[in-house]
Every structure is written in structure tokens, then in C-alpha cells.
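Taken together, the values in this text are just the output of simple stated rules run on the coordinates, not laboratory data. Remember, predicted model here, so these are calculated numbers, not experimental data. Don't worry about glycine lacking a Cβ; one is built from the backbone with ideal geometry, like all the others, and counts go over all protein chains shown.
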Amino acid sequence: MTDHEAIDVDVPPSGTGCADCDAADPAGWWVHLRRCATCGHVGCCDTSPAQHATAHARATGHPIIRSFEPGEDWFWDYESSQAFDGPELAPPTSRPVAETVPGPRGRVPRDWMEHIHQ
């Protein structure tokens, strides 16, 4: 059963990209973005080299994420390993549509496909 109590519909996302990739030195890049439904932390997906969304869930115990990609509104529960439909979260609900995938523009290596997790 999904713990909907872990979802805070009022908390905004931490930014428009992966907070951990942006803070890294050198800065990282991502394939897709995920938003913590508890605190709003935006992290990169498990296909991304650093897998920050899953790392955030493990470190904080926040079990639920929502896609932070344009046109996607699915949630994922790490504890049950199940996707589900959930409530509308505080805006913005996705990264900027104009941003590249993978992204962000200018930080993605030319051989990016050799660095992703399959």
C-alpha cells in the first residue's frame, strides 16, 4: 500500500534540474529528473550516471517520487516498487520544456550513452 502521508502537495521543487548534479564539482548531468514528493528535492533518475533520486530516497527515508519530466505525472513508491497516480503537486511540475534530454544543455558528454545505467 502506498504511503500517501509521505506526499506534501504544498512543497515546491528544489529547482529545475538535479540539485546534486548542479552542486557537484565538476557539475554533473542527467537523463531524466525525479521529484521527491515529500520535500521537493529534484534528483536524477536511475538511468543517469549518479542516480541521485534513489540516493536521496535511501538517505532520507522519503519513499515517493514523481516524474519531473514534461507531460508525465506518475508517482513511484520505492518501498513497494509500484507506480501509482497521485495528487497534483505545487508548481512547477516539470523541468523546463526547452531543456535538452539528457541535460542540462552544455554539460552532457558526446558519448553520454556509454555512461548511462541500463
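Can you pull out the GluC sites (Glu not before Pro) in the stretch 74-118 that DSSP calls coil and that have at most 10 other Cβ atoms within 10 Å?
Glu88
Mean-square fluctuation check for the chain, GNM, Cα pairs under 10 Å: which of Ala27, Ala57, Ala83 is largest?
Ranking Ala27, Ala57, Ala83 by mean-square fluctuation puts Ala27 first.
Stretch Glu72-Phe84 to full length: gain in nm at 0.36 nm per residue minus the Cα-Cα span?
Working it through step by step, the gained length comes to 3.1 nm.
Which residues in the stretch 68-108 place their backbone N less than 13 Å from a point set 7 Å from the Cα of His117 along the Cα-to-Cβ direction?
No residue qualifies, since no backbone N sits under 13 Å from the label point.
Given the options His62, Ala24, Gln51, identify the residue whose Cα lies farthest towards the positive end of the charge dipole of the stretch 4-91 (+1 on Cβ of Lys, Arg; -1 on Cβ of Asp, Glu).
So the residue we want is Ala24.
Could you give the nm distance between label points at His4 and Ala23, where each point is 7 Å from its Cα heading toward the beta carbon?
For His4 paired with Ala23, the spin-label model returns 3.1 nm.
What residue among Ser94, Ser81, Ser48 has the largest mean-square fluctuation in a Gaussian network model of the chain, using Cα springs under 10 Å?
Residue with maximal mean-square fluctuation among Ser94, Ser81, Ser48: Ser81.
Among all cysteines in the chain, which have no other cysteine Cβ under 4.7 Å from their own Cβ?
Among the cysteines of the chain, those whose Cβ sits 4.7 Å or more from every other are Cys36, Cys39, Cys45.
Can you divide the C-alpha Rg of the stretch 4-91 by 2.2 N^0.38 Å and report the result to two decimal places?
Output field value: 0.99.
Given only helices, namely DSSP H runs of n ≥ 4 each adding -39500 (n - 2.57), what is the per-residue ellipticity at 222 nm of the chain, to the nearest 500 deg cm²/dmol?
Result for the chain, helices only: -3000 deg cm²/dmol.
Would you list Phe75, Phe84, Phe68 from fewest to most Cβ contacts within 10 Å?
Neighbour counts put them in this order, fewest first: Phe84, Phe75, Phe68.
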